[in-house]
Amino acid sequence: MMRSNRFLFIGFFLFLSAAAYAGTTGKISGRITSKDNGDPIPGTNILLEGTSLGALAALDGYYHIINIPPGKYVVIVRAMGYSMMRFENVRVSVDATTSLSVSLTPTVIEGEEVTVVASKPMVQKDLTSTSARVAGDQMKMLPVENVNQVVELQAGVVNGHFRGGRLGEVAFLIDGLAVNDAYTGGQMIALQANSVAEVEVISGTFNAEYGQAMSGVVNVVSKDPEGHFSGQISGYTGAYVSGRTLPFVAKHGAGLKRDEYSQEMRSYLDLAAPSDVYDLEGTLSGPLWKDRLNFFSSFRYNHDSGYLWGRRIFNPSDSSYLPSLRENWRVQATGDGAFVPMNWGSNLTAHAKWIAKLWGAHKLTYEYIHEDGEGQSYNHKYKYNPDGRPTNYSTSHSHMLHMDYIINKNGFINLKAARLEKSYESYLYSSPYDLRYMPISRLSIGSGPAFYMAGTDMNHAFRTTTTGIVKADLTYQVDRYNQIKGGLEARSHDLHVLDYTIRLDRQTDWKPQPVEKDNAAYNEFTKTPMEVSVYVQDRIEWSYFIMNLGLRYDWFKPEGVYPLDLMKPVTSEKVPAKNKSQWSPRFGIALPVSEQSVLHLSYGLFFQIPSFAYLYLNPLFKIPVGSFSTIGNTDLQPQKTATYELGLQQAIGPNLGVTLTGYYKDIRNLLGMEVYTILPSFDKYARYVNRDYGQVFGFTVALEQRGSSYLSTTLDYTYQLAEGNSSDPNDVYIKSTTTPPTEITKQLIFLDWDRTHSLNLTATVHNKDIWNIGLIGKLGSGFPYTPDLEGYYPSRENDERRPPTYSFDLNLAYTLKLSRFKTTLFSNIYNIFDIRNAVDVSLDTGSPEYSIDEHFYTDDMVRCVNTVRDYYFRPHYFSAPRRLVAGAKLEF
């Protein structure tokens, strides 16, 4: 009840204070003059066709239209005594100003009209830091199927790391609301490509309206309903088509003896089936009640069997007897020998959006997103006992309510309320008392480089994260030069975690059950932390100077305790963690040097509370005698990044532009660990603290060619050095558990995800709406690694490099129009040339192909049915082979 009253109070306060939200709309501005003498034409009517948005030119001829959803528009400019002008294909983007100044021609002929097809200028004059915007119709022309693939195409983004930052440092937004999972730092829920109007990726500094992020922002804006009925349905099927071969065990006869097993090679062509990859999706949009209530809806179901395979030689309940003499072996292998996909995933997403037009121009929007996912991760040891692995399940819901209140033509208020929920479960069997669980000793059958011949994973994990949000925003165009935003947001989290291991031994009468609640392997807690943030920013736009200037304040209440005496964490007095707060200044400047050249400079100080998984790990401080345990820390400080950026946009011609950008990041207070010794037992444990640090330097050169009727291309190169004292928050703990303990790093090293050279290419060749060819190419230098070879000690960690990687993807599409229907036949080919990129390597050789350890064994030394080569061949060290999908789409 108290929580409900607290939310009502916050909501009431927000309504009164008109706070701010992340951008979901753009702006058009310019000046209307006479072509004869250049004088302003006051009273000119500027309208966006098919909408209620528009403006009148002021006495000096200037105008602005704000609160425009992203997309392409037809702009009509009309004044008495002048020819009407109609501008088609005017694109508006999120958080950006589209400049449209017009010179009208006097006329005496009533109704004379001039039509102009607008083109986007090669330089964006109001760009104060690096950001990229990709519209939904642009995504359709490339071989991409989701937003994450679009994000990975942007300069400086490497496998989810933005400009050298750690994972979990990016804010993901849908329609202005952050949808990060507070427990993991990743996305709680995602929109599919068929619901996306525009994706904005900010990898440089970002405005004060964005918080809880240190490296970047991904801002997704969903499609709005249309005023007429329209829709589409599409589907595809495909498989991994490759001549690569994989080793497998083959059983002959009853399989009781070792000599009844052999190794055989199978190619992906042998394993391929049309049902390996399939997808079905659709959209429907239109009016529900005249022009006052419209809806948009979409769904997508996708299944991918993956490219990593096992074979069901054994079942989890099998039991084999493997003495020293191989002729005395008794192998029990009751599996059916079927090939089993081992890194498969399925996902169902549904999205619905209703917009009601209230009185005047006021608008109420309700949005619902549902996502179900399940799948399994590859575990090499389970290759011939694939049914012993757990399955991961996730379900997400989001309810979002938005209200747009139009104050006047210069300002609007947006109120938001949302409830986000994500549940995650991981287990082999849903009941911990399921009699199919096997004793843990079954995993120990065999020895040497051997796969599991029986046994089950004994872990159960359940987690639910619920986040309630109330927000508001005020955006006001004070005058021609200043647009003010100011804001407040409150988030309340409800986190429930339950993890335990199943016990099955003599003391449980050989019946499975969860371990006792006082056992360190049983972890259950509920936490209710809370966040509040406020900011204000001013966007100043002069013809020769554009500046974004902002200040943000964040406050966090962790709702947790920590031991006062860290030498006695179990028995010590527990004290409440202190509330955390910080101020974050941000600014960015754009200086148009000329019509063809713009210089920009930006700085930002960014803070982020660590993910709750680090705050609340082992919250009861269970540290068994003789163990080396880990605990969280609810008193962690916010992590901090200071970012500097300098860039230049230069138009080389009407259809070609280049952007040069240099950046530097100073990263402090990152998570690491400290080891403590408990007195008087001298047991040890590790606790998360703010100890790690890093720095990133880089520059990007980006070329863009567009404007051609048939060809558009982008090409960007990034040079980057990402260094720090550690890549993993658990580094100190891991090194302290080795025998003897490994020395803790006290110097800067290359971080695990440091990619010195990156090159991204996109190209589309098309003939209007008839056919399209889209190409993506990605080249990257190898990631660092630390050699692990007996007798060899590197001068510092991560001094060697994995091999470089290359990939090329292709989209082909052909469209047929039949009356009101449009049919498109399409195919996507991923990894066209079937390149075997090394995504991991053996640390003793630096190669994904083999390990030196392999030569220390012979097949006779393996107590299992596999060969030594089979065990040391790691298919997950290679990138996915060629994947081909083909399908059709029907639009109406």
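Return the carbon/sulfur percentage of the accessible area of region 17-117, one whole number, probe 1.4 Å, all protein chains in place. If you can, show how the numbers build up before the last one.
Values: 2340 of 4430 Å².
Accessible surface attributable to carbon and sulfur in region 17-117 totals 53 percent.
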Given H placed on each backbone N at 1.01 Å, which residues far from residue 197 in sequence or on other chains put an amide H within less than 5 Å of it?
221, 222, 223
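Can you pull out the trypsin sites (Lys or Arg not before Pro) in region 249-297 that DSSP calls coil and that have at most 10 other Cβ atoms within 10 Å?
Details: sites: 251, 257, 258, 266, 290, 292; in loops: 257, 290, 292.
Within region 249-297, the qualifying trypsin sites (Lys or Arg not before Pro) (loop, at most 10 other Cβ atoms within 10 Å) are 290.
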Given charges at Cβ of Lys, Arg, Asp, Glu: the chain dipole, positive-most of 401, 192, 696
401
Would you calculate the separation in nanometres between label points at residue 52 and residue 583, each defined as 7 Å from the Cα along the Cα-to-beta-carbon direction?
4.1 nm
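So for region 131-226: antiparallel DSSP bridges make up what percent, rounded to the nearest 5?
Details: 16 of 21 bridges.
Here the share of antiparallel DSSP bridges comes out near 75 percent.
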Find the relative contact order for the chain and round it to a whole percent, using C-alpha pairs within less than 8 Å whose residues are 6+ positions apart.
11 percent
Compute the distance from the alpha-carbon center of region 837-892 to that of region 240-299, in whole Å.
19 Å
Relative contact order [Cα under 8 Å, 6+ residues apart], region 17-117, whole percent
33 percent
Rounded to the nearest 5, the percent of antiparallel DSSP beta bridges in the chain equals 95 percent
Rounded to one decimal in nm, the spacing of the 7 Å Cα→Cβ label points at residue 516 and residue 159 is 4.3 nm
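Of the accessible area of region 485-548, with the probe set at 1.4 angstrom, what percent is carbon plus sulfur?
Details: 1550 of 2980 Å².
Heavy-atom surface of region 485-548 belonging to carbon and sulfur, 1.4 Å probe: 52 percent.
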Where a ≥ b ≥ c are the square roots of the eigenvalues of the C-alpha gyration tensor, would you call region 131-226 rounded, which needs a/c under 1.5, or, failing that, prolate if a/b is larger than b/c, or oblate?
prolate
How tilted is helix 2-17 with respect to the longest principal axis of the chain? Cα atoms for both, answer in degrees (0 to 90, nearest 10).
30 degrees
In terms of the alpha carbon gyration tensor, root eigenvalues a ≥ b ≥ c, rounded if a/c is under 1.5 and otherwise prolate when a/b exceeds b/c or oblate, the chain is prolate
Positive dipole terminus of the chain, leading residue within 751, 361, 249 (C-beta point charges)
361
Net dipole in debye of the chain [+1 Lys, Arg Cβ; -1 Asp, Glu Cβ; about Cα centre; nearest 20]
1000 debye
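Run lengths n ≥ 4 of DSSP H only: what is the helix-derived mean residue ellipticity at 222 nm for the chain, with -39500 (n - 2.57) per run over all residues, to the nearest 500? Show your work: numbers first, answer last.
Numbers: 7 runs with 45 residues, N = 892.
So the helix-based figure for the chain works out to -1000 deg cm²/dmol.
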Nitroxide proxy distance, nm - points 7 Å out along Cα→Cβ at residue 540 and residue 444:
7.2 nm
Rounded to the nearest Å, what's the spacing between the alpha carbon centres of region 644-721 and region 474-508? Just the number, please.
24 Å
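Quick one: with all protein chains in place, what share of the accessible area of region 131-226 is carbon or sulfur, to the nearest percent (1.4 Å probe)?
Numbers: 1100 of 2170 Å².
That fraction is 51 percent.
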Looking only at region 61-93, which residues have a backbone nitrogen under 13 Å from a spot 7 Å from the Cα of residue 35 in the C-beta direction?
82-86
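Measuring with a 1.4 Å probe in the full set of protein chains, what accessible area per residue, in whole Å², belongs to the chain?
On the way: 38580 Å² over 892 residues.
Using a 1.4 Å probe on heavy atoms only, each residue of the chain averages 43 Å².
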Cut-off 10 Å between beta-carbons: net charge of the residues surrounding residue 88, Lys and Arg +1, Asp and Glu -1:
+1
Residues of region 291-316 with amide N under 14 Å of the 7 Å Cα→Cβ point at residue 275:
303-305
Protection proxy (average C-beta count within 10 Å per residue), highest first, orders 567-574, 213-220, 360-367 as 213-220, 360-367, 567-574
Can you give me the C-alpha center-to-center distance between region 28-73 and region 196-211, rounded to a whole angstrom?
27 Å
5 Å is the cut-off here: which amide hydrogens, built 1.01 Å from N in the peptide plane, fall below it relative to residue 204, excluding neighbours closer than 5 in sequence?
130
Unit charges at the beta carbon, dipole of the chain: most positive-side option, 390, 602, 550
550
Just check region 747-891 against the gyration tensor rule for me: Cα atoms, a ≥ b ≥ c as the square roots of the eigenvalues, rounded for a/c under 1.5, and otherwise prolate or oblate depending on whether a/b exceeds b/c.
oblate
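The values are calculated or read from the model by the stated rules, or taken from the named source; none is laboratory data. Note that the structure is a prediction, hence the values are computed from the model and not measured. Backbone-built Cβ (ideal geometry, glycine too); neighbour counts: all protein chains shown. Surface accessibility is based on the protein's heavy atoms, side chains included, excluding ligands, DNA and RNA. Shrake-Rupley method; radii C 1.70, N 1.55, O 1.52, S 1.80 Å.
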